[in-house]
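Peer 1: Below are the structure tokens for one structure; questions will follow.
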Amino acid sequence: MRVLILVDDFYEEMEMWYPYYRLLEESIEVIIAAPGGKKEYLGKNGYPVKADTDTTLTKSKDFHGVIIPGGYAPDKLRRYPEILQFIREMNDAGKLIASICHGPWVLISAGIMSGRRATCFYSIKDDLVNAGALYLDEETVVDNNIITARVPSDLPSFCREIISFLRAMDLDHGTPH
């Protein structure tokens, strides 16, 4: 199992590191990707993360899932065509797309939220609704391959659902369910 986590400057530290370590505990390989070719990115509170690769080098066929942490990084991430294409390909393949807080901005820009159930940080609720999604004010919402959550306190539920989805994929020999 291999999961990509997308980051850029001003990512929300807890929403990146908590899933990162939970997935490692489950023996899932985690790759951190970022656009722009920098080696290090700073979170909202100044905590650095080193990118393993540039987003231009990632291929959806190489991953079982993608996680998009919140903070202000998603507003930057959604500006890169290769990231939006990656998200569309993951969605078309039924692979895991997990997004928390402001992360759904990337899903909105990828054009995959129409008719989907989702949640997010309350300040981007209108963006989600205007993209055609059904907004639910719940800690974690699962709509087939898309898992969304609102805030850092939702991380336990968010990670449980991510791991559950990936385990089900693994039981199906790596194919999406």
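Peer 1: So what's the gap between the Cα centers of region 1-34 and region 131-163, to the nearest angstrom?
Peer 2: Result: 16 Å between the Cα centres.
Peer 1: Quick check: pseudo-label points 7 Å beyond the Cα along Cα→Cβ at GLU25 and ASP137, how many nm apart are they?
Peer 2: With each label point 7 Å from Cα toward Cβ, the separation is 3.0 nm.
Peer 1: Hey, another quick one. Taking a ≥ b ≥ c as the square roots of the eigenvalues of the Cα gyration tensor of region 104-177, is the shape rounded (a/c under 1.5), prolate (a/b larger than b/c) or oblate?
Peer 2: oblate
Peer 1: Pull out a ≥ b ≥ c, the square roots of the eigenvalues of the alpha-carbon gyration tensor of region 22-71, then state rounded if a/c is under 1.5, prolate if not and a/b is larger than b/c, and oblate in the remaining case.
Peer 2: Values: a/c = 1.99, a/b = 1.22, b/c = 1.64.
Cα axes put region 22-71 in the oblate bin.
Peer 1: Percent antiparallel among DSSP beta bridges with both residues in the chain, to the nearest 5? Could you put the intermediate results ahead of the total?
Peer 2: Values: 8 of 29 bridges.
Expressed as a percentage, antiparallel bridges in the chain total about 30.
Peer 1: Let me ask you something else. How long are the three semi-axes of the equivalent ellipsoid of the chain, in whole Å, if each is the root of 5 times an eigenvalue of the C-alpha gyration tensor, listed from largest down?
Peer 2: Gyration-tensor ellipsoid for the chain: 20, 19, 16 Å.
Peer 1: Residues in region 30-70 near a label at ALA93, defined as backbone nitrogen under 20 Å from the 7 Å Cα→Cβ point?
Peer 2: Label zone hits: 30-35, 52-69.
Peer 1: Same structure again: Based on the Cβ-Cβ distance from GLU40 to ARG160, what FRET efficiency comes out when R0 is 30 Å, to the nearest 0.05? Can you show the working numbers first?
Peer 2: On the way: r = 30 Å, r/R0 = 1.00.
About 0.50, to the nearest 0.05.
Peer 1: Taking 7 Å along the Cα-to-C-beta vector as the label spot, tell me the ARG167-LYS59 distance in nanometres, rounded to one decimal.
Peer 2: Here the answer is 3.1 nm between the modelled labels.
Taken together, the values in this text are just the output of simple stated rules run on the coordinates, not laboratory data. Since the structure is predicted, the reported quantities are computational estimates derived from the model, not experimental observations. Because the Cβ atoms are built from the backbone with ideal geometry, glycine has one as well, and the counts that use them run over all protein chains shown.
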